[in-house]
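Presented below is the structure to which this report refers.
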Amino acid sequence: MEEGEDISFEELQQVGEEKLAFDSSAYEVNSGACKECGGKLIKVVENRNVLDGMLTFHVIKMRCDQCGKEYLDLDQAEKYDFALILEKAIKQRNLNVLASKIQN
C-alpha cells in the first residue's frame, strides 16, 4: 500500500491496534540544533529569584553555543511565564493579577 492511497473498509478492519508507552523523560529535550544558525544547543539552568530570594524558579533552557538564542519546552515556558507575572505583580503591588493567574 502506498502512502496516501485509499483503502477499503475490509482492509481497514484488518489493521491491528497498537499501544505505545512512553516514559516521562520522552518529552524532554536534551540536545538539538538551533533553528537560526544550526549551532549546537546546550542545556542551561536559569534561576529567577522572587521576593528577595524567598522564592526561586529554576528554568531549564536550551541555548545555542553560537548565536546565544534560547529555547524553552512547554513546561519550562509556563514556569518562566508564571515567574514573570509574579515579578510584575509584586512590582506593581497588584495582587489581583496574581490571584487571577493562580486561579487559572
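In the range 14-31, the qualifying residues are those that are closer than 30 Å to residue 42 by Cα and polar (S, T, N, Q), and the one that is modelled with the highest pLDDT is 31.
Scan 70, 11, 87 and give me the residue that is out of contact with any Ser or Thr (no Cβ under 7 Å at 6 or more places or on another chain), of a type in the set (Asp, Glu) and either modelled with pLDDT of 90 or more or loosely packed, with under 10 Cβ neighbours inside 10 Å (or both). Step through it out loud before you land on a result.
Details: 11 fails: either modelled with pLDDT of 90 or more or loosely packed, with under 10 Cβ neighbours inside 10 Å (or both); 87 fails: either modelled with pLDDT of 90 or more or loosely packed, with under 10 Cβ neighbours inside 10 Å (or both).
Exactly one residue qualifies, and that residue is 70.
Residues of the range 56-69 that are in contact (Cβ under 8 Å) with a residue 24 or more places away in the chain and of a type outside the set (S, T, N, Q): 57, 59, 62, 64, 65, 67, 69.
Anything in the range 5-39 that is part of a loop (DSSP other than H, G, I, E, B), more than 30 Å from residue 67 (Cβ to Cβ) and either hydrophobic (A, V, I, L, M, F, W, C) or over 20 Å from the mean Cα position of the chain (by Cα) (or both)? List them, or say none.
Of the residues in the range 5-39, the ones part of a loop (DSSP other than H, G, I, E, B) are 5-8, 15-23, 28-32, 34-39.
Checking the rest, the ones that are also more than 30 Å from residue 67 (Cβ to Cβ) come to 5-8, 15-23.
Those that are part of a loop (DSSP other than H, G, I, E, B), more than 30 Å from residue 67 (Cβ to Cβ) and either hydrophobic (A, V, I, L, M, F, W, C) or over 20 Å from the mean Cα position of the chain (by Cα) (or both): 5, 6, 7, 8, 15, 16, 17, 18, 19, 20, 21, 22.
Restricting attention to the range 21-54, the residues being within 30 Å of residue 91 (Cα to Cα), of a type outside the set (Lys, Arg), out of contact with any Lys or Arg (no Cβ under 7 Å at 6 or more places or on another chain) and surrounded by 12 or more Cβ atoms within 10 Å (Cβ to Cβ) number 2. Going through (1) modelled with pLDDT of 80 or more; (2) surrounded by 13 or more Cβ atoms within 10 Å (Cβ to Cβ) one by one, residue 65 falls short only on (2). Of everything listed in (1) within 30 Å of residue 91 (Cα to Cα); (2) among the hydrophobic types (A, V, I, L, M, F, W, C); (3) out of contact with any His (no Cβ under 7 Å at 6 or more places or on another chain), the single unmet condition for residue 9 is (1).
The values are calculated or read from the model by the stated rules, or taken from the named source; none is laboratory data. On a predicted model such as this, the values are computed, not experimentally measured, just so you know. Positions of Cβ are backbone-derived with ideal geometry, glycine not excepted, and every protein chain shown enters the neighbour counts.
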